[in-house]
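One structure below.
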Amino acid sequence: MFEEIKNKVKKIIKDRNVEEINNNTDSKNIGIYMIYIDNFNDDKVIPIYIGQTGYGKNRNFQNRYKEHLQEIMALNRLEYNYYKELLLDNFYDGHYKSCKIFQYMVDHNCTLKDFRMIVLEKIDGNSDNIQELLDKKEQKYFTEFLPAFFGFNQVNTVVEANKEFFANFNNLEGFVASDKLLNYELDDCENFIKYFGYGYTKFNYYHCYPKTYTVGENSKKIEYELRDKKQLLKIQEI
């Protein structure tokens, strides 16, 4: 699966019709994009990040490129010890993807010239339910490229859990995780087991992944199932 996805990514990058976003472009379109580091010599990491523009004022491919690039440049100015503190002690406001990208660039002697972004899919800004459409398209590429396990993305469970937490911030006592979050949890557990030695999967599990939460009527059944899977992860690490 790792080599298959890596080859698929490299094929997309080489496609003459693919649109690249850089400092010389001015794309006002919205949709799904891929950031990649132009160095695929690692046998455990596929250096990609899949993202969406969101929509609204200043939400487009060009501005997302600038935001990502500025985050990397900001990390480049830090002393190593402070950077390590940001990455491991959760001071960086959840922007682990920037730290992962930066660390990969350092480990593989890359420069900012190797930091690239291409458009995977454009979405009509006049479409109904734009955010829902963006989320659906993004998930399609998450499933296709597994960037949370081979690349720089965060796992779905963490992203969705944060969304639901803040949406229910004023009523946390009655908060019950959605079926969507539960399904993400189950899928992520399967992928943690399969790909624990790849990408930043191990880092995501130990530093970001929520270990417990309420999952509704089937909480006992799911709790035991996830506990068994998490135990397998611990055994696999040993």
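The values are calculated or read from the model by the stated rules, or taken from the named source; none is laboratory data. Just so we're clear, the structure is a prediction, and the values are computed from it rather than from any experiment. Please note: Cβ atoms are built from the backbone with ideal geometry, for glycine as well, and neighbour counts cover all protein chains shown.
For segment 23-52, enumerate the residues that are among the basic types (Lys, Arg) and under 17 Å from residue 101 (Cβ atoms).
44
Using the structure shown, decide if residue 44 is without any contact (Cβ under 8 Å) to a residue 24 or more places away in the chain and either touching a Phe, Trp or Tyr at 6+ places or on another chain (Cβ under 6 Å) or not in a loop (DSSP other than H, G, I, E, B) (or both).
no
Taking the stated definitions as given, is residue 196 in a helix (DSSP H, G or I), at pLDDT 65 or above and surrounded by 14 or more Cβ atoms within 10 Å (Cβ to Cβ)? Even if it seems obvious, please write down each step before you answer.
Details: in a helix (DSSP H, G or I): no; at pLDDT 65 or above: yes; surrounded by 14 or more Cβ atoms within 10 Å (Cβ to Cβ): yes.
No; evaluated as a whole, the condition is false for this residue.
Restricting the first residue to segment 140-156 and requiring it to be within 16 Å of residue 96 (Cβ to Cβ), which pairs with a second residue that is assigned to a loop (DSSP other than H, G, I, E, B) and among the charged types (D, E, K, R) meet a Cβ separation below 7 Å and a spacing of at least six or different chains?
Sorted first by the residue in segment 140-156, then by its partner, the list stays empty.
Name the residue that is modelled with the lowest pLDDT, counting only residues in segment 120-141 that are surrounded by fewer than 19 Cβ atoms within 10 Å (Cβ to Cβ) and in contact with a helix residue (DSSP H, G or I) (Cβ under 7 Å, 6 or more places away or on another chain).
127
Please work out if residue 113 is modelled with pLDDT of 85 or more, surrounded by fewer than 18 Cβ atoms within 10 Å (Cβ to Cβ) and either in a strand (DSSP E or B) or over 16 Å from the mean Cα position of the chain (by Cα) (or both).
yes
Quick one: count up the residues across segment 55-110 that are surrounded by 13 or more Cβ atoms within 10 Å (Cβ to Cβ), modelled with pLDDT of 85 or more and part of a loop (DSSP other than H, G, I, E, B).
Selection size over segment 55-110: 4.
Give the residue, chosen from 166, 203, that is among the aromatic types (Phe, Trp, Tyr), surrounded by 16 or more Cβ atoms within 10 Å (Cβ to Cβ) and either modelled with pLDDT of 85 or more or assigned to a helix (DSSP H, G or I) (or both).
Exactly one residue qualifies, and that residue is 203.
Got at least one residue in segment 53-72 being of a type in the set (Asp, Glu), under 26 Å from residue 131 (Cβ atoms) and not assigned by TED's automatic domain parsing to the domain that holds residue 204?
yes
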